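J.: Can you keep this structure in mind? I'll have questions shortly.
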Amino acid sequence: MAALLGPWPACPLVYEINARVWLRELSLRSGRPVTLSNVPDEELERVARHGFHALWLMGVWTTGPEPIACACAHAELQKEYRQILPDFKPEDVAGSPYAITAYEVSPNLGGPAALATFRERLTRHGLRLMLDVVFNHTARDHQLVLEKPELYIQGTAEDLAREPNAFFKTSGGRILAHGRDPYFPPWTDTAQINYGQQAGRDAMKAELERVATQCDGIRADMAMLLLPEVLERVWGARLGQNWNKKSFWKEIISEFKVSFPNFLFLAESYWNLEKKLQDEGFDFTYDKGLYDRLRQNDPKSIRQYLQGPLAFQKHCARFVENHDEPRAASAFGAPRARSAAAVTFFVPGLKLFHDGQLEGRRVRVPVQLNRRAPEKEDIETALFYEKLLAVLQDPIFQSGDFGLRDVNSAGWGDSSNDSLVALSWTPPNHAPSPNGGNNSRNRYLGYLVVVNLNPWRAYGRVPLPAANFESGKQYLFLDRLDGKRYERTGSELINPGLYIALEAHQLHLLEVTAK
């Protein structure tokens, strides 16, 4: 099935939902089994109302008995399960959705027909569908392991004896390597595809072809592991003689863009390899760089990072949490999480939101579980995201011009301006906003977002460009978070700049108009 909604927006808003947990909770709430075929319409309306362009449905593919058994036997995982679920039961374990036994929708979720129905319903709400593809490895009980073990990285009896957590023996007697990130222990529920040989590449390309007919875009799990230099470093001679050093991503993405021109490729990426993966053809790459700087609470480093080439910034996928990272409310603390979110979601690129983030959930659910404990909604966080997402629906954040603004000292001897980050969005050619009201033609000047990232009061001056502001005119700044209005003269805005005073972790989300 071809793409149903045409080209993606320049800076899409994507909402990640854990399919297993979501459908289980919907079933309990409605008192009847809910699969992808009969998700209540109000659930889809809720996602669409917030202005999301796509729903990333995580964990839809079939997980077989071996990944489930591995998760149940893993002592550290069992400890984590019991920490977050005091009433933990073995049936809460569904196995890792990233140890995929078959790229077919799990029967527990309704099967392939249910996914097709679900996608059509999403389309009626203006929503696209994203799914995962795990190219690096398969589950140990994937059909290819049983029927074509030669497609995988091979091991020997000596390897298995020396590194029992890095290799395993199949039911057919072959010894294969587990998939791995070189900085962590191997994933013992997986088997590593050999990308040095064409047969392995072709097999995973065929899996992508099947997936691509069922959705509008994919998230490529641990995409940097398939770069030739990474494969060589991790696997070396195990790739075989005269192994294929051509980039797999360059090979498949350009080809797929011909058949699926509106298909989106999102890379989970780390190790500062994001730009390389963008060059390989990915539309967007995870932006761990901004996330880590926000966690470290280093405003200067954040400003320097956001001064990077705009061509790179536009293809970053921004987040303050996802299923791999701690919940933002826990990692940052609620007030700081909101200031981090403002910086994250008001810069260019894809904006990734995680189910539970909008309500201020604090407990990250391990991906192997199909259940989470109830948590009380944080009303302040929910109201914040309601307003933030309403503003992000303005077309200026798709087609406008982004700028990182200087923040100067507010007065002699004061350096608290170092805590502030200021971001601006202006309409191209001063185009009018479609929102009406104050945003009539030739009056709407866009948005200025100023964030205090530190836990103390901060002051600053933000000079605004003379090309957009005139000395003899009056300008109105409406804060879309608290409704306060500030009127300033053009001469002040140009020099010394808009005066800013923000409490700890406070922010201004200012809509700017000329009076």
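The values are calculated or read from the model by the stated rules, or taken from the named source; none is laboratory data. On a predicted model such as this, the values are computed, not experimentally measured, just so you know. Positions of Cβ are generated from backbone atoms using ideal geometry, with glycine treated the same way; all protein chains shown enter the neighbour counts.
J.: Mind counting the residues in segment 58-77 that are on the phi < 0 side of the Ramachandran plot and part of a loop (DSSP other than H, G, I, E, B)?
T.: Number satisfying all stated conditions: 4.
J.: Write out, first by first residue and then by second, each pair whose Cβ atoms fall under 7 Å of each other, whose residues are 6+ apart or on separate chains, and whose first residue, in segment 325-336, is part of a loop (DSSP other than H, G, I, E, B) while the second is surrounded by 17 or more Cβ atoms within 10 Å (Cβ to Cβ) and of a type in the set (D, E).
T.: Between residues of segment 325-336 that are part of a loop (DSSP other than H, G, I, E, B) and residues that are surrounded by 17 or more Cβ atoms within 10 Å (Cβ to Cβ) and of a type in the set (D, E), the close pairs are R327/E321.
J.: Let me ask another. Consider segment 486-515. How many of its residues are under 22 Å from N417 (Cα atoms), exposed (fewer than 14 other Cβ atoms within 10 Å of the Cβ) and of a type in the set (D, E, K, R)?
T.: Total satisfying the criteria: 2.
J.: Restricting attention to segment 75-102, report how many residues are over 18 Å from R372 (Cβ atoms) and more than 27 Å from the chain's Cα centre (by Cα).
T.: 1
J.: Would you call F135 free of Cβ contacts under 8 Å to residues at least 40 places away in the same chain, among the hydrophobic types (A, V, I, L, M, F, W, C) and assigned to a loop (DSSP other than H, G, I, E, B)? Before you say what the answer is, go through the steps one by one.
T.: On the way: free of Cβ contacts under 8 Å to residues at least 40 places away in the same chain: no; among the hydrophobic types (A, V, I, L, M, F, W, C): yes; assigned to a loop (DSSP other than H, G, I, E, B): yes.
So F135 fails the test.
J.: Here's another thing I want to ask about it. Within segment 2-57, can you find the residues that are surrounded by fewer than 13 Cβ atoms within 10 Å (Cβ to Cβ) and on the phi > 0 side of the Ramachandran plot?
T.: Matches in segment 2-57: G6, G31.
J.: Looking for something more than 29 Å from D202 (Cα to Cα) and of a type outside the set (S, T, Y) - is there at least one such residue anywhere in segment 126-141?
T.: Taking every residue of segment 126-141 in turn, at least one turns out to be more than 29 Å from D202 (Cα to Cα) and of a type outside the set (S, T, Y).
J.: Within segment 283-304, identify whether any single residue is part of a loop (DSSP other than H, G, I, E, B), assigned by TED's automatic domain parsing to the domain that holds G349, at pLDDT below 95 and surrounded by fewer than 20 Cβ atoms within 10 Å (Cβ to Cβ), and answer yes or no.
T.: yes
J.: Now, a different point. If you go through segment 153-202 one residue at a time, how many are polar (S, T, N, Q), modelled with pLDDT of 95 or more and more than 21 Å from V134 (Cα to Cα)?
T.: Residues flagged as polar (S, T, N, Q), modelled with pLDDT of 95 or more and more than 21 Å from V134 (Cα to Cα) within segment 153-202 amount to 1.
J.: Hey, another quick one. Can you tell me how many residues in segment 114-162 are buried (at least 23 other Cβ atoms within 10 Å of the Cβ) and small (G, A, S)?
T.: The number of residues fulfilling the criteria is 1.
J.: Which condition breaks for V105 when tested against (1) over 24 Å from A75 (Cα atoms); (2) buried (at least 22 other Cβ atoms within 10 Å of the Cβ); (3) of a type in the set (A, V, I, L, M, F, W, C); (4) more than 25 Å from the chain's Cα centre (by Cα)?
T.: (4)
J.: Any residue that is touching a strand residue (DSSP E or B) at 6+ places or on another chain (Cβ under 6 Å), not aliphatic (A, V, I, L, M) and not in a helix (DSSP H, G or I) - is there at least one of those in segment 106-114?
T.: Scanning segment 106-114, I find at least one residue that is touching a strand residue (DSSP E or B) at 6+ places or on another chain (Cβ under 6 Å), not aliphatic (A, V, I, L, M) and not in a helix (DSSP H, G or I), so the answer is yes.
J.: Assuming E80 fulfils every condition listed in (1) within 18 Å of V365 (Cα to Cα); (2) part of a loop (DSSP other than H, G, I, E, B); (3) not small (G, A, S) apart from one, which condition is it?
T.: Looking at each condition in turn, E80 falls short on (2).
J.: Determine whether P90 is at pLDDT below 95 and touching a helix residue (DSSP H, G or I) at 6+ places or on another chain (Cβ under 7 Å).
T.: In short, yes.
J.: Does A48 meet the test of being more than 27 Å from Q198 (Cα to Cα), in a helix (DSSP H, G or I) and in contact with a His (Cβ under 6 Å, 6 or more places away or on another chain)?
T.: yes
J.: Got at least one residue in segment 451-466 being touching a Phe, Trp or Tyr at 6+ places or on another chain (Cβ under 7 Å), free of Cβ contacts under 8 Å to residues at least 40 places away in the same chain and under 16 Å from N408 (Cβ atoms)?
T.: The answer is no, given that none of the residues of segment 451-466 is touching a Phe, Trp or Tyr at 6+ places or on another chain (Cβ under 7 Å), free of Cβ contacts under 8 Å to residues at least 40 places away in the same chain and under 16 Å from N408 (Cβ atoms).
J.: Could you grab me the full set of residues in segment 355-384 that are outside any loop (DSSP other than H, G, I, E, B) and in contact (Cβ under 8 Å) with a residue 40 or more places away in the chain?
T.: Correct list: L358, L369, E380, T381, F384.
J.: Working only within segment 415-456, note down all residues that are modelled with pLDDT of 95 or more and either more than 31 Å from the chain's Cα centre (by Cα) or assigned by TED's automatic domain parsing to the domain that holds Q304 (or both).
T.: Across segment 415-456, the qualifying residues are S415, S416.
J.: Looking at segment 463-478, which of its residues are part of a loop (DSSP other than H, G, I, E, B) and surrounded by 12 or more Cβ atoms within 10 Å (Cβ to Cβ)? Give the derivation first.
T.: Of all residues in segment 463-478, those part of a loop (DSSP other than H, G, I, E, B) come to 463-473.
Within segment 463-478, P463, L464, P465, A466, N468, F469, E470, S471, K473 meet the criteria.
J.: Do the conditions hold for W243, that is, is it under 27 Å from the mean Cα position of the chain (by Cα), in a loop (DSSP other than H, G, I, E, B), crowded, with 17+ Cβ neighbours inside 10 Å and of a type in the set (F, W, Y)?
T.: Criteria not met by W243.
J.: Hey, another quick one. Somewhere in segment 69-79, is a residue in contact with a Leu (Cβ under 8 Å, 6 or more places away or on another chain), under 30 Å from A199 (Cβ atoms) and small (G, A, S)? Quick ask: steps written out before the conclusion?
T.: Step one: list which residues in segment 69-79 are in contact with a Leu (Cβ under 8 Å, 6 or more places away or on another chain), which gives 71.
So of that shortlist, the ones also under 30 Å from A199 (Cβ atoms) come out as 71.
If we keep only those that are small (G, A, S) too, we end up with 71.
Yes, that holds for at least one residue.
J.: What is the number of the single condition among (1) touching a residue at least 12 places away in the same chain (Cβ under 8 Å); (2) within 30 Å of T123 (Cβ to Cβ) that W235 does not meet?
T.: That leaves (2) as the condition not met.
J.: Of these, V347, V320, which one is closer than 22 Å to L392 by Cβ, touching a residue at least 60 places away in the same chain (Cβ under 8 Å) and surrounded by 22 or more Cβ atoms within 10 Å (Cβ to Cβ)?
T.: V347
J.: A further question follows. Determine whether segment 36-55 contains at least one residue that is more than 30 Å from P7 (Cβ to Cβ) and modelled with pLDDT of 95 or more.
T.: Just the residues of segment 36-55 that are more than 30 Å from P7 (Cβ to Cβ), to begin with: 38.
From what's left, modelled with pLDDT of 95 or more: 38.
Yes; the residues of segment 36-55 include at least one that is more than 30 Å from P7 (Cβ to Cβ) and modelled with pLDDT of 95 or more.
J.: Against the definition (more than 23 Å from the chain's Cα centre (by Cα), of a type in the set (D, E, K, R) and more than 30 Å from T170 (Cα to Cα)), how does D41 come out, yes or no?
T.: So D41 fits the description; yes.
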